[in-house]
Amino acid sequence: MSGQGQSGFFELALFQMRRLEKSALTREEMRGRLEEAAAGKDIYLCPLDRFTWGVLITGIVNPAGFRLDESVLVSLLHSYEYGLSEAHEALEEIGEAFAEAREAIILRLGREGKTESFPVSESDLHADFLAVLKAGNMERIRECTRQACGLFIQKGYDLTSCLNFYFVLSGEVIKLLNDRYKEQSRTEYLELIEEGYDFSVRIRNYYSIRSICHRFEEYIVKAASCLKEEDCMDVAAIVKRIQREIREHYSTDISLAWVADEYGINPSYFSKKFKDETGVNFIDYLTEVRIGQAKELLSHTGLSVSAVSLRVGFKEAKYFSRVFASMTGEKPSEYRERMRREEEKREESAH
C-alpha cells in the first residue's frame, strides 16, 4: 500500500446503524469483531458520526482472495448496514474507496428495500403530511410514511430526493412548532423544535430511505400529539375557568400577565381567544365584574368610596371613581344616593 511505506492493498468498509440511533457497539467491541472477521489484516477504525463506522483494512496481499468473514459478523449485521469497497493500492484513492463502500450499502438497501409503490407526487405528499399533522390524524401519518417509502425506493432508490424532501418538510414542521411556541410558550414545543433540527442533521449522511421515513414518522407523530393535546385543551374551558377566577377573586391583582404566568399562555394569544369566546375584551370583563360588585357594596353597605374601591380591586379611589362614572354615567356617591332614594320610595310604597 503506497503512501505509508507498506506493500499490499487496502479496502474500506462502512457500517451504519439500521436505525437513526447511536452506534450499538463501543470502539473496542467493534474492533474485536472486525479483527476476527479480517484475520491477519490491520484494522483502522474511525467513527464518522453517531451511527456510522469507517473501517480501513490494510495489509491485503491478494485482493481476489480476500473477503471479510461474514459468518463472524452475523450478529453485527443485525444492527448495521454494511458496504465494502474494491481493493485499492494508493491511499490517495481513499475517497474513491469511501464512495464505493457507500454505493455498496445503497445498492444493498435498494435490493432489499422493495416496497409497494404509490401514485403520488412529492408536492402532494408534502401537502398531505402537513395537513395530517395539523389534523392530528395518526393513521394518515402512517399512510403518508408508507407512501414516502414507496415513492423514493421505487424511483431507483432515490436517496437524494428523499433527503431533500425531508429537509424541507422538517423545516415546515419546525416553523409550525415555533409559531405555536410564540403563542403559548410551552417547553414541549422547544424540545420538538430541537429534535427537528437534530433529525435534519442526522439524515445528512444516512443511507436508508426506509429508516429515514420511519424516523420522521416517529417525530411527526410526537409533534402531532403535542399540537393535538394543546388543541384539546378546550379554549372555551380555559376562558370559563378564568371568568370564574375573576368572579371569585376580583379584588386580587388579576391581569393578563398573571394569566400568562399561571397557565403558560402568551398574553396576546389569550386576549384574542378570550374575546373570541366572550365577545368582550379581558380587561373590560374584569372591569365589569369589579364595577358590578362595587354597585352591590355602595347599595348595601356604609363603606366609604375609598374602601369600596379597595374591596373590588382598585388601588386608587380617584381612578375607581373615574372608571365607575364612565361605565354608569354617575359618580359612586351619586349612585349610592340614587339607590338610597329608590329604596326609600319602595319602602313608602310598601306601606
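The values are calculated or read from the model by the stated rules, or taken from the named source; none is laboratory data. Small disclaimer: the values here were computed from a predicted structure and weren't measured. Here the Cβ positions follow ideal geometry from the backbone for every residue, glycine too, while neighbour counts run over all protein chains shown. Surface areas here come from the heavy atoms of the whole protein model, side chains and all, with no ligands, DNA or RNA. Shrake-Rupley method; radii C 1.70, N 1.55, O 1.52, S 1.80 Å.
For the stretch 118-137, which residues satisfy the criterion of being open to solvent by less than 30 Å² (accessible area, probe 1.4 Å) and touching a Gly at 6+ places or on another chain (Cβ under 6 Å)?
none
Within the stretch 120-130, is even one residue more than 25 Å from the chain's Cα centre (by Cα) and either part of a helix (DSSP H, G or I) or farther than 26 Å from residue 222 by Cβ (or both)?
Taking every residue of the stretch 120-130 in turn, at least one turns out to be more than 25 Å from the chain's Cα centre (by Cα) and either part of a helix (DSSP H, G or I) or farther than 26 Å from residue 222 by Cβ (or both).
How about the stretch 138-184: which of its residues are surrounded by fewer than 16 Cβ atoms within 10 Å (Cβ to Cβ) and in contact (Cβ under 8 Å) with a residue 60 or more places away in the chain?
Matches in the stretch 138-184: 138, 142, 182.
Going through the stretch 71-102 one residue at a time, which ones are among the charged types (D, E, K, R), over 25 Å from residue 22 (Cβ atoms) and either surrounded by 13 or more Cβ atoms within 10 Å (Cβ to Cβ) or in contact with an Asp or Glu (Cβ under 9 Å, 6 or more places away or on another chain) (or both)?
Selection gives 86, 89, 93, 96, 100.
Quickly run through the stretch 9-46 and pick out the residues that are among the β-branched types (Val, Ile, Thr) and within 19 Å of residue 98 (Cβ to Cβ).
43, the sole residue that qualifies.
Assess whether residue 70 counts as being out of contact with any helix residue (DSSP H, G or I) (no Cβ under 6 Å at 6 or more places or on another chain), touching a residue at least 24 places away in the same chain (Cβ under 8 Å) and in a loop (DSSP other than H, G, I, E, B).
yes
Taking only pairs six or more apart or across chains, which ones have beta-carbon atoms under 6 Å, a first residue in the stretch 7-26 that is over 22 Å from residue 198 (Cβ atoms), and a second residue that is among the aromatic types (Phe, Trp, Tyr)?
12/98
Give just the number: which of (1) of a type outside the set (S, T, N, Q); (2) touching a residue at least 60 places away in the same chain (Cβ under 8 Å); (3) over 30 Å from residue 105 (Cβ atoms) does residue 206 not satisfy?
Unmet condition: (3).
Considering every residue within the stretch 238-249, establish whether at least one is closer than 26 Å to residue 141 by Cα and crowded, with 18+ Cβ neighbours inside 10 Å.
no
When the residues of the stretch 250-266 are filtered to those that are assigned to a helix (DSSP H, G or I) and not β-branched (Val, Ile, Thr), which remaining residue is most open to solvent (accessible area, probe 1.4 Å)?
Checking each candidate, the answer is 261.
What single numbered condition from (1) open to solvent by 20 Å² or more (accessible area, probe 1.4 Å); (2) touching a helix residue (DSSP H, G or I) at 6+ places or on another chain (Cβ under 8 Å); (3) under 18 Å from residue 106 (Cα atoms); (4) of a type outside the set (D, E, K, R) fails to hold for residue 25?
Failed condition: (3).
Within the group 207, 219, 189, 269, which residue is under 22 Å from the mean Cα position of the chain (by Cα) and either more than 20 Å from residue 129 (Cα to Cα) or surrounded by fewer than 17 Cβ atoms within 10 Å (Cβ to Cβ) (or both)?
269
Restricting attention to the stretch 30-70, and to residues there that are hydroxyl-bearing (Ser, Thr, Tyr) and more than 14 Å from residue 82 (Cβ to Cβ), which single residue is least open to solvent (accessible area, probe 1.4 Å)?
Across the stretch 30-70, the extreme among qualifying residues is 58.
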